[in-house]
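The values are calculated or read from the model by the stated rules, or taken from the named source; none is laboratory data. Because the structure is a prediction, the values reported are computed rather than measured. A quick note on method: Cβ atoms are made from the backbone with ideal geometry, for glycine too, and the neighbour counts reach across all protein chains shown. For the accessible areas, the whole protein counts, side chains as well, though only heavy atoms, and no ligand, DNA or RNA atoms are used. Shrake-Rupley method; radii C 1.70, N 1.55, O 1.52, S 1.80 Å.
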Amino acid sequence: MELGLYTFADVSPEPGPGAIGAHERLRNLIEEIELADQVGLDVFGLGEHHRPDYAASAPAVALAAAAERTKRIRLTSAVTVLSSDDPVRVFQQFATLDLLSGGRAEIMAGRGSFIESFPLFGYNLEDYDELFAEKLDLLLAIRDHVKVTWSGSLRAPINDRGVYPRPLQDKLPIWIAVGGTPQSVARAGVLGLPLALAIIGGEPARFAPLFDIYRDAARRAGNDPASLATSLNVHGFIADSTDQAADDFYGPQAEVMNRIGRERGWGPTSRAHFDQSRGPNGALFVGNPEQVAEKIVAQHRIFGNDRFLLQMAIGTMPHAKVMKAIELYGTKVAPIVRRELRRPFPPWRRRLPDSQSPDSLARPRGGLAGDAG
């Protein structure tokens, strides 16, 4: 199973003493991705947001900077808000990232958990579902054909036009990211696309039927479920001790969830709720390396997922603590999980020929909040 991280590059919503601004956060982000690569993690994802509390409105740009500082780790959006973007530009940006990184780019496409990008780029929220379906259709057409002829109702048609550059990989991986909507899960299965499921609350085991829906939809559409990858994208944190991990993570995570909750009408979180959520049946992966590894393995036995992504750099978590947590994830947690789940990388991952590998040690390489897809 692939193990990795994702983040939204959170910044302080308001200026003031101790506030973390976009310049500092993006520089820290590159250091985090570089360290994740050095300690042997498989994937790093960066989400797209257009709000004052996040610095990542252009994930492909930041990931391209990270590509020059890394060798093996796969670099993906988490997510690309495809509904309010242009599929041609999305493909071109990530094809460029793929070339710069030596074949390590991916796109995780979703509808987005916030709506700021729709009025920003001139889209009508009444077209929310149709925009995603139509633009995903165009993105897949561009990926599968050098020259594209396509027409839809919400975008100008394309008539036998080439989209360049082409990526290094034969097929640029495109995942569908979802937050729990069965229709979105089924769509991914019908299209034969890998599926990333965000779980940030409740009991994860209750989400397992969504993977059954996904695999059943794939089977009915003539796609082999065994060839399709699945990912769990969750919140969590790792420290030397359980108490330290909980104490370090609670404040930043609660601040973010309460801020979003006020916008959406959720009730406030509490330390008691947080502590319950980091228990064996909860959605938070918070603890010492052995505890987190044990929970990852336990969830894998329920979901059979091929990838696990952890969001640790949430809110204004201090950079030094995030770096320590990444080190523990790669050097302590990952070896335990890989030992327990020893098996080949999933069959959907294409191994780069040695001639195309960034180095002679090439090996196979390869969230989200709310309803992403």
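Label point 7 Å out from Arg301 along Cα-to-Cβ: which residues of the range 200-237 have amide N under 19 Å? Correct set: 203-209, 232. Stretched out straight at 0.36 nm per residue, the stretch from Arg264 to Met323 would grow longer than its current Cα-Cα span by 18.1 nm.
Entry for the chain at q = 0.13, 0.15 Å⁻¹: log10 I(q)/I(0) = -1.04, -1.45, Debye formula applied to identical alpha-carbon scatterers, no solvent contribution.
Taking 7 Å along the Cα-to-C-beta vector as the label spot, tell me the Tyr164-Ala208 distance in nanometres, rounded to one decimal. So the two model labels end up 5.1 nm from each other. In whole percent, and with a 1.4 Å probe on the protein chains, what portion of the accessible area of the chain is carbon and sulfur? With neighbouring chains kept in place, the figure for the chain is 52 percent.
Only helices enter this figure: runs of n ≥ 4 DSSP H residues, each worth -39500 (n - 2.57), summed and divided by the residues of the chain, yield -12500 deg cm²/dmol at 222 nm to the nearest 500. When the Cα centres of the range 145-223 and the range 26-42 are compared, how far apart do they sit, in Å? Between the Cα centres of the range 145-223 and the range 26-42 lies a distance of 27 Å. For the range 149-224, dividing the convex hull volume of the Cα atoms by the residue count gives 155 Å³ per residue. A convex hull fitted around the alpha carbon atoms of the range 101-147 yields 120 Å³ per residue.
Relative to the globular-protein estimate of 2.2 N^0.38 Å, the Cα radius of gyration of the range 64-217 stands at 1.08.
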